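Notes follow once the structure below has been shown.
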Amino acid sequence: MLRALDRLLKFLLTFLIGLLTVSVFLQVLIRFVFKYPLPWTEEVSRLAFVYSIFVGAAIAVREKTHLNVDFLLVVLPAGLARALKLVGTVLVGIFLAVMTWQGIVFVRATGVQVTPVMQVPFRYLYLVIPSCGGLMLLYLILGSIDEFRKGRTG
């Protein structure tokens, strides 16, 4: 099931980057060649950009490819480095849990607002915050369980 979710997220990210590229290209082409702006392309490109950031962040948590400064982990003794890494993981987990919860609160609070051009309710735009926050938290927990098992057996 996780593999299917991983494939879905990667497909979604590819689609969002393609949508972002096409909408920006259309905006530039129509505005400078035909001297007519397409208002919806700005909203579509902003939405695709923000969604691609959150989806990409979830993928990065899954693949453990986020930027990591490990200077202290390299210099400290192995046991202390592992404890420090655990503290960092717990703090990231707390942040993601709060982000997910506050994202849900935020989605509920923006139920009646709509985008100016496309008239899409903002709640659908902001839904990416709790959904990707929850995915990142899930991936962080699963990755931590894998690390714990590797540390115990390896």
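Nothing in this text is a laboratory measurement; each read-out follows from the coordinates by a stated rule. Predicted, not measured: the structure shown is a model, and the values here were computed from it. Ideal geometry is used to build each Cβ from the backbone, glycine not excepted, and the neighbour counts take in all protein chains shown.
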Region 109-154 and region 1-75 have their Cα centres apart by a whole-number Å value of 15
Dividing the alpha-carbon radius of gyration of region 4-56 by 2.2 N^0.38 Å, where N counts its residues, gives 1.30
Please report I94, I59 as a ranked list, fewest other C-beta atoms within 10 angstrom at the top and most at the bottom. I94, I59
Choose one answer from V92, V28, V69: the residue with the largest mean-square fluctuation in a GNM of the chain with alpha-carbon springs under 10 Å. V69
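Rounded to the nearest 0.05, what FRET efficiency do L91 and Q113 give with R0 = 35 Å and r taken as the Cβ-Cβ distance? Could you check?
0.60
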Report P(r) for region 63-102: all Cα-Cα distances, bin width 10 Å, range 0 to the bin holding the largest distance, values in whole percent. 27, 45, 23, 5
In the chain, helical segments from DSSP H whose Cα atoms cover 18 Å or more along their own axis and that average at least 1.0 on the Kyte-Doolittle scale are 2-33, 78-109
With 0.36 nm assigned to each residue of separation and the Cα-Cα distance removed, M1 to T14 gains 2.7 nm
For V114, list long-range residues whose amide hydrogen, built 1.01 Å from N in the peptide plane, is under 5 Å from its own amide hydrogen. F122
Between R46 and H66, what is the FRET efficiency for a Förster distance of 30 Å, r being their Cβ-Cβ separation, to the nearest 0.05? 0.80
Sequence neighbours fewer than 8 away in the same chain don't count; with that in mind, list the lysines whose C-alpha is under 21 Å from K150. K64, K85
Spin-label point model (7 Å from Cα, Cβ direction): what's the L76 to F25 distance in nm? 4.8
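Once the mean 1/r over all distinct Cα pairs of the chain is inverted, what Kirkwood radius in angstroms do you read off? If you can, show how the numbers build up before the last one.
On the way: mean 1/r = 0.0555 Å⁻¹.
Value: 18.0 Å, from the Cα pair sum.
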